[in-house]
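As structure tokens, the structure follows; a few thoughts come after it.
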Amino acid sequence: MSGDKKEYRLGSAEMISAPGMVRWAINGAKFEADRPAMIDVIADGWHIPLEAAMALVMEQVPYTVEGETVVFSYGSKDPQ
């Protein structure tokens, strides 16, 4: 097992609140039919790997909020 984890920092923009978008995506992902779209919004919006976005949206990894930035770590060896 590898301990290789990458830290992701999802920053806000003038009209987009990263913490708000992440909370919205997590809530939306509770509906199975909407899950793929919620994961795509986070992955595409911040140009992060689909697997990292899925772990965040499905609450498989913890995140913190630093000001207007969402911070979380994800590695390919994280338990599912």
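Given only helices, namely DSSP H runs of n ≥ 4 each adding -39500 (n - 2.57), what is the per-residue ellipticity at 222 nm of the chain, to the nearest 500 deg cm²/dmol?
-11500 deg cm²/dmol
Could you work out how much longer the chain between Arg35 and Thr64 gets when fully extended? Use 0.36 nm per residue separation minus the Cα distance between them, nm to one decimal. Mind dumping the intermediate values first?
Working: separation 29, 0.36 × 29 = 10.44 nm, distance 2.16 nm.
Between Arg35 and Thr64, full extension yields an extra 8.3 nm.
Do any chymotrypsin sites (Phe, Trp or Tyr not before Pro) in the chain lie in a loop, going by DSSP, with at most 16 other beta-carbon atoms within 10 Å of their beta carbon, and if so which?
Loop-located and lightly packed - Phe31.
Among the trypsin sites (Lys or Arg not before Pro) in the stretch 1-69, which ones are in a DSSP loop with at most 13 other Cβ atoms within 10 Å of the Cβ? Mind listing them? Present the calculation step by step, with values, prior to reporting the outcome.
Details: sites: Lys5, Lys6, Arg9, Arg23, Lys30; in loops: Lys5, Lys30.
Passing sites in the stretch 1-69 are Lys30.
Only sites in a loop by DSSP and with at most 14 other Cβ atoms within 10 Å count here; which GluC sites (Glu not before Pro) in the chain make the cut?
Passing both the DSSP loop test and the Cβ count: Glu14, Glu59, Glu68.
Along Cα→Cβ, 7 Å out, is where each label goes; now give me the distance between the ones at Arg9 and Ile26 in nm to one decimal.
2.1 nm
Run the numbers on the stretch 11-73 and let me know its relative contact order in percent, using alpha-carbon pairs under 8 Å that are six or more apart.
Computed value for the stretch 11-73: 34 percent relative contact order.
Read the figures in this text as sums done on the coordinates, not as results from a lab. A quick note: this is a predicted structure, and the numbers were derived from the prediction, not measured. Neighbour counts are summed over all protein chains in view; Cβ atoms, including those assigned to glycine, are modelled from backbone coordinates with ideal geometry.
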